[in-house]
1. Within the stretch 298-353, can you find the residues that are open to solvent by 10 Å² or more (accessible area, probe 1.4 Å) and hydroxyl-bearing (Ser, Thr, Tyr)?
2. Please go through the stretch 246-266 and pick out each residue that is part of a helix (DSSP H, G or I), within 12 Å of the ligand (Cβ to nearest atom) and open to solvent by 10 Å² or more (accessible area, probe 1.4 Å).
3. Among the numbered conditions (1) open to solvent by 20 Å² or more (accessible area, probe 1.4 Å); (2) touching a residue at least 60 places away in the same chain (Cβ under 8 Å), tell me where Arg72 comes up short.
4. Before we move on, is Glu211 within 29 Å of Val62 (Cβ to Cβ) and surrounded by fewer than 17 Cβ atoms within 10 Å (Cβ to Cβ)?
5. Could you name every one of the strands (runs of 3 or more DSSP E) located completely within the stretch 15-123 that has at least 2 residues being more than 29 Å from Pro289 (Cα to Cα)?
6. Scanning for something farther than 19 Å from Tyr307 by Cβ and assigned to a helix (DSSP H, G or I), does the stretch 148-165 turn up at least one residue?
Amino acid sequence: MTEDRASADVLQSALAAATDTRVLTAGTDVLGRTGSVFAEAFGTPTGLPSAQLIADGNTWAVAGEQVGAALRQAGVGLGEPFIFPAVPTVYASYDNVERIREHLRAQDGVPVVIGSGTLNDLVKLAAWELEREYLVVATAASMDGYAAYGASITKGGFKITRYCPAPAAIVADYGLLAAAPGRLTATGVGDLVEKIPAGGDWILADALDIETIDDDVWHLVQDPLRDSIAHPELIAAGDAGAIRGLSEGLLMSGLAMQAHQSSRPASGAGHQFSHLWEMEGLGLDEEPPLSHGMKVGLGTISLCALYEVALNRDLATLDVEAAVAAWPTWEQMETRVRGAALPPEVTEAAVEQSRLKYLAAPELRARLERLRDLWPGLAQRLRAQLLPAADIQHRLATVGAITHPSQIGVEEARFRATYVRAQMIRSRYTLLDVLLEANLLEECVAELFAPGGFWGSQPWRRPGEVTN
Ligand SMILES: [Zn+2]
């Protein structure tokens, strides 16, 4: 109870900083409070609106009756629920957004979605298109998106992120989250652990005067992070305390993105690996589709390995003039992006994103001189922030997450190219940019794949074969 209260205080302070979410109840056995949360968030002096429940067969089975009962008990009227079948897994497609939207449109009422990942994203966008707020009852600690704005939706075969506000109210019942299938919890660990190298990326962007760290937001994400991932074996065993830590880490991260109005606090180059694979449609046709957090976890290992290689170099002795001499003109850079074999639909956006962060030679020289001069202290800050790639890989293996590209059918050449392509698709400044600008990206990546390097020493296996 005391522990519940202490963690509740931390969450409430994060909630105070959030822009969209007004009411949050997280704890043990809190499903029964859904009605009072609903009333607090959506009640007006003239009464309560009705609610429209959306679920799938799985989430309805674990929480549908209880949520419905709690709402009725609070005097909330309920329309006919919209329940997707349990199988096949609901797909995060725009078709499904439209199906939900048309169902919702038929009557007034506040959407209440029972589900964390795909279902939440679908309802988030459908509700936004109807200019309605909504409530989410989380059913798995599978990603930070249930407390964040934005929805990742596939349209025309490609996954895109659409803007839409975060839920106005959130109910997170730790018992329910602990009972979720292990693969969903594993994907949540993958999404959360990326905040480690993402923090490194933000430290770099801050030091080079590109994107200042907001201390309050930083602490929301980074303070609970290490504890949240400290005991992967307990997370894998469904231990209530460990699942609570994971869930809180994800909630804090979602609320921090609201507070910052940007995904910077919770997303770095490790996420860009995942975004690129999503744009390429990797694993979309699997049943269930390859999840966000599984790809992000692998991106996290990839970035931590690259940080290790980078931190083995002494950039205090960087040859700035040689790097400036090797720097492409914008025309050459554009040619490079266009030649990177990105999906055609992604190429134009990648050119634009690359243009946004492209520097002319004089500015590049100034930035690299700053990097060189700051390096001793900066490297120290980064070492304190990061964890070894092998450590992250071990933790992810312990919870049953993806730990090697061959498990998702990505062969070595494609994976190696991901280190180069991921830099192109977002203007966000990360370690990939630092190394590209210092003319070190190619040689650092080569080192990872050389015999004895992090990836070079791990044999590529057939999909499905387990590594570690
Ligand atoms: Zn994520």
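The values are calculated or read from the model by the stated rules, or taken from the named source; none is laboratory data. Because the structure is a prediction, the values reported are computed rather than measured. Reconstructed Cβ throughout: ideal geometry from the backbone, glycine too, with neighbour counts over all protein chains shown. Protein only, heavy atoms only, side chains kept; ligands, DNA and RNA dropped before computing areas. Shrake-Rupley method; radii C 1.70, N 1.55, O 1.52, S 1.80 Å.
1. Within the stretch 298-353, Thr317, Thr329, Thr335, Thr347 meet the criteria.
2. The answer is Met257, and nothing else.
3. (2)
4. no
5. On the way: elements: 23-27, 51-56, 82-84, 110-114.
Where strands (runs of 3 or more DSSP E) fall fully within the stretch 15-123 and carry at least 2 residues being more than 29 Å from Pro289 (Cα to Cα), they are 23-27.
6. Going residue by residue through the stretch 148-165, those that are farther than 19 Å from Tyr307 by Cβ are 148-165.
When the remaining residues are screened for being assigned to a helix (DSSP H, G or I), the result is none.
No, there is no match, as no residue in the stretch 148-165 is farther than 19 Å from Tyr307 by Cβ and assigned to a helix (DSSP H, G or I).
Residue-wise test of (1) within 13 Å of the ligand (Cβ to nearest atom); (2) among the basic types (Lys, Arg); (3) under 24 Å from Arg383 (Cα atoms).
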site: Gly268; (1), (2), (3): yes, no, yes
site: Phe273; (1), (2), (3): yes, no, yes
site: Met294; (1), (2), (3): yes, no, no
site: Glu308; (1), (2), (3): no, no, yes
site: Glu331; (1), (2), (3): no, no, no
site: Arg336; (1), (2), (3): no, yes, no
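Residue-wise test of (1) without any contact (Cβ under 8 Å) to a residue 40 or more places away in the chain; (2) buried (at least 18 other Cβ atoms within 10 Å of the Cβ); (3) outside the structural domain of Ala397 (by TED's automatic domain parsing); (4) away from the ligand (no atom under 16 Å from the Cβ).
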position: Tyr149; (1), (2), (3), (4): no, yes, yes, no
position: Ile153; (1), (2), (3), (4): no, yes, yes, no
position: Phe158; (1), (2), (3), (4): no, no, yes, yes
position: Arg162; (1), (2), (3), (4): yes, no, yes, no
position: Ala166; (1), (2), (3), (4): no, yes, yes, no
position: Tyr174; (1), (2), (3), (4): no, yes, yes, yes
position: Lys195; (1), (2), (3), (4): no, yes, no, no
